[in-house]
1. Taking Cα pairs under 8 Å and at least six residues apart, what relative contact order does region 176-285 come out at, in percent?
2. What do you get for the angle between helix 338-367 and the principal long axis of the chain? Use alpha-carbon atoms, 0 to 90 degrees, nearest ten.
3. Please order R22, R74, R113 by the number of other Cβ within 10 Å, starting at the fewest.
4. What is the dipole size for the chain, taken about its Cα centre, with +1 at each Lys and Arg Cβ and -1 at each Asp and Glu Cβ, in debye to the nearest 20?
5. Under the 0.36 nm per residue contour assumption, what length would be gained going from the current alpha-carbon distance of D84 and E275 to full extension?
6. Taking K and R as +1 and D and E as -1, what net charge do the other residues with C-beta under 10 Å from the C-beta of N188 add up to?
7. Between D5 and K27, what's the calculated FRET efficiency when r is the beta-carbon distance and R0 is 22 Å? Round to 0.05.
8. Counting other Cβ atoms within 10 Å, which GluC sites (Glu not before Pro) in region 264-323 have at most 13 and lie in a DSSP loop?
Amino acid sequence: MVLKDKKVAIVGGGPGGLTLARLLQLKGVDVKVYERDVHAEIRHQGSTLDLHEESGLEALRRANLMTQFKTNHRPNAGRFVILDKNGNILLDEHALGDDYEETRPEIDRQALRTILLQSLNPDTIVWDSHFVAMEPKGEGWLLHFKNQTAYADFVVAADGANSKIRPYITAIKPIYSDITIIEGNVYNAAKNAPKMWELTNNGAGSVMILGDNQSLSMNTKADGTLSFYSGNKFPENWVAESGIDFKDKKAVEVWFKEQFGSWHPMYQELLASDEVSIVPRPMYHFPFDQTWETLPNLTMLGDAAHRMPPYAGEGVNMAMQDAFELAECLTSSEFDDITDAVSKYELNMQKRASEVTQDTLQNTQIIHSDDAIEKMLAMLSGE
Ligand SMILES: Cc1cc2nc3c(=O)[nH]c(=O)nc-3n(C[C@H](O)[C@H](O)[C@H](O)COP(=O)(O)OP(=O)(O)OC[C@H]3O[C@@H](n4cnc5c(N)ncnc54)[C@H](O)[C@@H]3O)c2cc1C
């Protein structure tokens, strides 16, 4: 194994980084995860994630964590309701009863993180480690965090969409995907957004509302939070140029009324209470043909390597597939040196991510097109 006697540093304890840590530890690799969160219990944005058979679920299978997944997964959370802007229900998978086939089981982001964290050896995670820079040292890297330094022979960037490590690998920049998302969480949604909560089948389903070349997507967390995100075709710098203070819920509410005010009144519940948090996110992707020269002591996975809008539910699945493919290359006896092992991983990952990014952008385009409803209904019915 090319990592024999090597110290591995994974920067970022999201689903990609933690899956990789678990898989490397199962093979006896000396691995640390450096995570900027100060502790595990920090409240996270984001809602349920559907895991796909060949990627997210396959990663958990290889990590021997399927029992924990089955205990924590959220049956039926993937059942879809599609509505138009006037509040008409056009598709309701809850009505399918026992005929509904759950092919992509859902789990809360936080529950997935807990399962992965609990699977690691004690002291694997170094919390409160905010990466700022690194420099070559010997055959590896000296990593600088805000409050400490650490040496590693091999570094994996798993630090997400705005990766600080990616520029040490490539100068390729992301491309704006023409869509900006405003992500929100309504806490205690049964009280604060009762009609919308009901649409999610009282916390057990996903909802998409389409019209006017814009979208509202919603799903729920087991703790009673309703997560939603609007999708709009805005210019790249709209967040800064709009003049909206996204920390001021009232200012966002005014914008929401301008943008979605002609839609059914029940949708206005999303911004109506004071128990709402908001984050604006312009959506980016990387060029389909991105490649870089493989390095002997550094690689990347997940959103650091390939960003995309969330309209195909692929981001976490891709990150977890990266993790198991990288772990397989790094722990196989097939390769003579690290560069060969990493090169095999990177070539496969770049090709797979390119295909998935193209599919995702196609979905994104459909969802925000003039005939979004017809096309989505056709897609979901397998036409
Ligand atoms: C609104 C929205 C909805 C989404 N819905 C879905 C969905 O339904 N299904 C799906 O599959 N994907 C979805 N995604 C995408 C998904 O969240 C990402 O693709 C996925 O989380 C990527 O995993 P990752 O491990 O690469 O990075 P992340 O999950 O971003 O994890 C990165 C980790 O690195 C840490 N970190 C960052 N910077 C530093 C630093 N400088 N130093 C140390 N640590 C650092 C972060 O704290 C974090 O823990 C969605 C994304 C958005 C924005």
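1. 41
2. 10
3. Final ranking by Cβ density, sparse to dense: R113, R74, R22.
4. Computed charge dipole of the chain: roughly 1000 debye.
5. Length gained, D84 through E275: 66.2 nm.
6. Taking every Cβ under 10 Å from that of N188, the sum is -1.
7. 0.95
8. E293
Taken together, the values in this text are just the output of simple stated rules run on the coordinates, not laboratory data. If you're wondering where the values come from, they're calculated on a predicted model, not measured in any experiment. Please note: Cβ atoms are built from the backbone with ideal geometry, for glycine as well, and neighbour counts cover all protein chains shown.
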